[in-house]
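Encoded as structure tokens, the structure appears first; notes follow it.
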Amino acid sequence: MILWVGLLLVHCCLRLTGAAGENPGLETCMRCSQGLHCKTKGGYSFPRPCENPAESLNTSTVFHNVSLSTVMKCERMQKCSLRLGIKAVVQVADSIHGVSFCITTAGMMTRCKTFSFTRASRERMSGLQVEVENNCTEVSPNQQVQVTVTTVPSYCGMTWTGTYHSPGCSHEDFRRHVPECITGRLSYKVNPDKKELSVNVSDMLNDHNYHLRLCRKDFICSGTGAYTLIKKEQPIKSATFPYSRPLPCLCIEGWSAVMDAPRVQVCPFKDRVEELWFGITFDPLEETLLWEPACPITALAALCQMRDDGICVDLPHSSQNVTREKIAFSKVDPHDRLCVKFTAGSQSWTRCPFADGRLQAWELVTTRTEGREEVKMLSQISANFSVGLCVKSEGSPECQTTETHNVQVEKQKAVDLNLKGTFCNSCLQVKRLDVEYAATVIHCLKLCSDSSPLRSDLTWVFVLTGVCLFGVICVTLALHVLLTVYRRRKQKITGVRNGEKQIEPPPTCVVSVLQTQPVVHGRVFIPDSPQCGNNEKANLLSE
């Protein structure tokens, strides 16, 4: 046979006649096919023993279809109950006097009800299929029941058995009309400046008070201390709650003031996952980093080192799964570059608890003297470090190490880190070794210096010598200028005192004597010189 299990919601009209709270009679919850007269007999708790059938009958020839469903019977608004609806198609025979329905639920005794057919009906409708319906048994929301249908009298092997699970309170009609499902409706407004939640309640159970509170949702919703009781007489059913942090598990919970009342929860900040990644603490004595989630969440926590480009690189073997328990990272070196990365789903968040530098255990101190850069390490505790020279490639955050040394640093005693070698375009790479999790610090030198003191001293000798020579030359030039000015002034003063008058020397006459000039009567003829004037006559020189 085919078992059909479904939900049949029967919206009954409010009973305006009769006393309030009147329960429907048995005649209203049972029905037989037209022409078949049925009578109900008192219920019993234990099935009757079976007997052998008088004729060749079996289950398939007697029960053709049995279906189970849920029926809602209502007396008035918010006064409805759920009934188990059983509908069976039975073939009438002279030896079958009726049908019995037995219902068994967890923790309850079996309840049976019998429908008997009159003799006249059996004779008139023998061999025909009739429909018998029973809606008399109350059930609770989300309840599992076992149903057994047998013949009367109970013949061995003539039994139909099925299991049915009644719907829960998720159905809208149940939440509005069935008292066991009425939770009330919650609406809210958030005031982030004042950190307040204003809550309004509607559709609460009539004639009952209402509980309202804030809670943190986990396996159960644990109260935070914010609670109020809304009286049924209040015209405006609302309340205001303060909150400290907008956590995703912070919820508003409400329920009617009745025994075992269902509860409704609304979580205003359910998408604020980023609020969980706070509250990281550090124990400096144990060197342990601690964090406990304020709400249960499935995530991954790992230590990482923050680079200059803003990317946090995971440290090896530092990942831990997060659910609801506290997590701890032991033997951690507190440094402003060491951070915690939380990953939930496809999103990641990074928190750096040592970024303010208040808990930093050691530091590099740089000083400049005579054009040289000196790097020293100062530690608040005694620790062991790895110190090496490395060179950064252009455009790459990685630093290629050339040599490494182990350095033991005592508490509050500075250690010089000027290693041998040329420091031009080089960096110092430092990492603490006596812990499990530590950041690798890279300190790049800003000035070039040579570790050879002789070469450095010769350089300074040359520089000083050049400066001295330049000074001597400048002084000599200045003295020469002063001496020249002094001499000229002295000559001028002496000339004025003696009454001397400076006369321009006569122009010098230059006469060119050419051997090619003609000889006249044994004398040399010298023509007029333009520099000596055109009026002078030639002179005859005797041999």
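The values are calculated or read from the model by the stated rules, or taken from the named source; none is laboratory data. This structure is a prediction, so every number in the text was calculated from the model and none was measured. Glycine also receives a Cβ, built like all others from the backbone with ideal geometry; neighbour counts cover every protein chain displayed. These accessible areas exclude ligands, DNA and RNA; they are computed on the full protein's heavy atoms, side chains included. Shrake-Rupley method; radii C 1.70, N 1.55, O 1.52, S 1.80 Å.
So how many residues does the range 315-326 have that are open to solvent by 10 Å² or more (accessible area, probe 1.4 Å) and in contact (Cβ under 8 Å) with a residue 24 or more places away in the chain?
First pass over the range 315-326, keeping only residues open to solvent by 10 Å² or more (accessible area, probe 1.4 Å): 315-317, 319-321, 323-326.
Now drop any that are not in contact (Cβ under 8 Å) with a residue 24 or more places away in the chain, which leaves 315, 323-326.
Final tally of qualifying residues: 5.
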Fill in the blank from the handout: Reported set for the range 327-343 where residues are open to solvent by less than 70 Å² (accessible area, probe 1.4 Å) and of a type outside the set (A, V, I, L, M) is PHE329, SER330, ASP333, PRO334, HIS335, ASP336, CYS339, LYS341, PHE342, THR343
Handout entry: Top-ranked residue in the range 47-70 [being buried (at least 20 other Cβ atoms within 10 Å of the Cβ) and modelled with pLDDT under 90; ranked as farthest from CYS29 (Cα to Cα)]
Key = VAL62
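Please verify whether ALA261 is of a type in the set (A, V, I, L, M), in a strand (DSSP E or B) and at pLDDT below 95, treating the condition exactly as stated. Walk me through how you get there before you give the answer.
Details: of a type in the set (A, V, I, L, M): yes; in a strand (DSSP E or B): no; at pLDDT below 95: yes.
So ALA261 does not fit the description; no.
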Exercise for the section: Give just the number: which of (1) open to solvent by less than 80 Å² (accessible area, probe 1.4 Å); (2) more than 26 Å from ILE381 (Cα to Cα); (3) more than 19 Å from the chain's Cα centre (by Cα) does GLY310 not satisfy? Expected result: (3)
Fill in the blank from the handout: Scanning the range 106-135 for residues that are out of contact with any Gly (no Cβ under 6 Å at 6 or more places or on another chain), more than 19 Å from THR151 (Cβ to Cβ) and buried (at least 17 other Cβ atoms within 10 Å of the Cβ) gives none
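Determine whether CYS304 is within 30 Å of ARG176 (Cβ to Cβ), open to solvent by less than 10 Å² (accessible area, probe 1.4 Å) and in a strand (DSSP E or B). Quick ask: steps written out before the conclusion?
Details: within 30 Å of ARG176 (Cβ to Cβ): no; open to solvent by less than 10 Å² (accessible area, probe 1.4 Å): yes; in a strand (DSSP E or B): yes.
No: the conditions fail for CYS304.
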Exercise for the section: Assess whether GLU292 counts as being under 30 Å from LYS431 (Cα atoms), surrounded by fewer than 13 Cβ atoms within 10 Å (Cβ to Cβ) and out of contact with any Leu (no Cβ under 8 Å at 6 or more places or on another chain). Expected result: no
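Residues of the range 204-214 being free of Cβ contacts under 8 Å to residues at least 40 places away in the same chain and open to solvent by less than 90 Å² (accessible area, probe 1.4 Å), which ones? Quick ask: steps written out before the conclusion?
If we filter the range 204-214 for residues that are free of Cβ contacts under 8 Å to residues at least 40 places away in the same chain, which is where we start, we get 207, 214.
Result: LEU214, single match.
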Exercise for the section: Look at LEU285 and say whether it is open to solvent by 70 Å² or more (accessible area, probe 1.4 Å), of a type outside the set (Asp, Glu) and out of contact with any Gly (no Cβ under 6 Å at 6 or more places or on another chain). Expected result: yes
Practice task
Return yes when PHE278 is open to solvent by 70 Å² or more (accessible area, probe 1.4 Å), assigned to a loop (DSSP other than H, G, I, E, B) and among the aromatic types (Phe, Trp, Tyr) and no when it is not.
Solution key: yes
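Let's see how each residue does on (1) open to solvent by 60 Å² or more (accessible area, probe 1.4 Å); (2) not in a strand (DSSP E or B):
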site: LEU359; (1), (2): yes, yes
site: THR366; (1), (2): no, no
site: GLU373; (1), (2): no, no
site: LYS376; (1), (2): yes, no
site: SER386; (1), (2): no, no
Fill in the blank from the handout: Within the range 273-314, residues on the phi > 0 side of the Ramachandran plot and in contact (Cβ under 8 Å) with a residue 60 or more places away in the chain come out as GLU287
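State the number of residues belonging to the range 124-164 that are without any contact (Cβ under 8 Å) to a residue 40 or more places away in the chain and either assigned to a strand (DSSP E or B) or within 17 Å of GLY85 (Cβ to Cβ) (or both). So that I can check it myself, show each step before the final result.
Step one: filter the range 124-164 for residues without any contact (Cβ under 8 Å) to a residue 40 or more places away in the chain, giving 126-128, 142-144, 161, 163.
Okay, now just the ones that are also either assigned to a strand (DSSP E or B) or within 17 Å of GLY85 (Cβ to Cβ) (or both), so 142-144, 161, 163.
The total comes to 5.
Output yes when any residue across the range 215-234 is within 30 Å of VAL90 (Cβ to Cβ) and either open to solvent by less than 90 Å² (accessible area, probe 1.4 Å) or part of a loop (DSSP other than H, G, I, E, B) (or both), and no when none is.
No, the range 215-234 has no match at all.
Has the range 378-394 got any residue that is at negative phi, modelled with pLDDT of 80 or more and of a type in the set (D, E, K, R)? Reasoning before the result, please.
Taking the range 378-394 as the starting set, the residues that turn out to be at negative phi are 378-394.
After this cut, where a residue has to be modelled with pLDDT of 80 or more as well, the list is 378-390.
Imposing the further condition that a residue be of a type in the set (D, E, K, R) reduces the set to none.
For the range 378-394, residues at negative phi, modelled with pLDDT of 80 or more and of a type in the set (D, E, K, R): absent.
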Exercise for the section: With the condition kept exactly as written, say whether any residue in the range 236-244 is touching a residue at least 40 places away in the same chain (Cβ under 8 Å), open to solvent by 20 Å² or more (accessible area, probe 1.4 Å) and touching a helix residue (DSSP H, G or I) at 6+ places or on another chain (Cβ under 8 Å). Expected result: no
Exercise for the section: Quick one: in the range 156-192, of everything that is within 14 Å of SER202 (Cβ to Cβ) and modelled with pLDDT under 90, which residue is most open to solvent (accessible area, probe 1.4 Å)? Expected result: ARG176
